[in-house]
Amino acid sequence: MTATINHHPSDEVLLSYSAGGLAEAFNLMIATHVSLCDECRARVDAFDTLGGVLLDNGDVETADVGADALAKTLAMIKDGDPTPSMRKKSIPGVLPQPLQDYVGGDLEAIKWRSVGMGVKQAILPTSKEASARLLYIPAGAAMPDHGHRGLEMTMVLQGAFLDDGERFGRGDVETADCELEHTPIADFGEDCICLAVTDAPLKFNSLIPRLAQPFLRI
Ligand code: ZN
Ligand code: ZN
């Protein structure tokens with residue numbers, strides 16, 4: 001059941017999460033990833049500790065303390081942090097606990113809306129700075145090819161998708177920004193369910209999704 005997670009959010013994002021600086025939708029993304037990923041949970045715990053150290057040191061030259069403390073804290077993770085994490089590990093089910101809290105249950109509680117071509121989505125209620133949605137992509141189906149105006153993070157909950165020669169399975173996070181245009185394809189074998197979070201509307205290259213965009217709020 002515990003699959004290996006190969007694609008993680010950046011330390012920069014984990015650090016903002018620890019500091020409470022992420023928009024609600026991205027906060028949900030990281031809380032969900034951290035509930036599945038032992039490695040990132042340890043890193044976030046270390047960043048929490050680091051935040052405490054920085055606050056305790058108050059007006060001491062913060063930059064020096066910061067670099068030093070960061071190195072020490074990261075070294076501590078490598079040696080294996082002896083203190084058990086206070087952050088929740090995931091419970092059984094397709095949706096990890098942080099998502100179940102939004103949806104009000106596991107898969108059966110999701111109110112899917114068809115987006116066409118067998119693809120379905122469910123928009124989650126979050127604050128407006130960024131949007132979060134669950135996506136259901138039938139095995140072997142492609143998402144419309146698109147670019148990004150802002151940051152997009154996609155995490156797999158069930159099945160897998162392939163993008164640009166890489167495979168993303170349960171717990172893996174793909175981060176895309178303005179540089180990247182892509183066409184993720186759901187792997188054969190199992191329908192793919194993902195959590196996708198964006199802070200700006202996507203740019204579609206073909207006409208149909210572009211016309212549908214205002215109605216689908218993607
Ligand atoms: Zn991770
Ligand atoms: Zn994308």
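Quick note: the coordinates plus some simple rules give every number you see, no bench work behind them. All values reported here derive from a predicted model rather than from experimental measurement. Note: ideal-geometry Cβ built from the backbone for every residue, glycine included; neighbour counts use all protein chains shown.
Quick notes on this structure:
- Neighbour net charge for Val197 - beta-carbon separation under 12 angstrom, K R +1, D E -1: -4
- Full-stretch length increase - Ala75, Thr175 - with 0.36 nm per residue and alpha-carbon distance subtracted: 33.4 nm
- For region 97-216, alpha-carbon Rg over 2.2 N^0.38 Å: 1.00
- Sorting 27-33, 118-124, 150-156 by their mean Cβ neighbour count within 10 Å, with the most densely packed peptide first, gives 27-33, 150-156, 118-124.
- For Ala109 and Ala139, the difference between the fully extended length at 0.36 nm per residue and the C-alpha to C-alpha distance is 8.7 nm.
- Order by protection proxy (mean Cβ within 10 Å, highest first), peptides 105-114, 43-52: 43-52, 105-114
- Here Asp11 and Asp101 are evaluated by their C-beta separation; at R0 = 25 Å the FRET efficiency comes out at 0.45.
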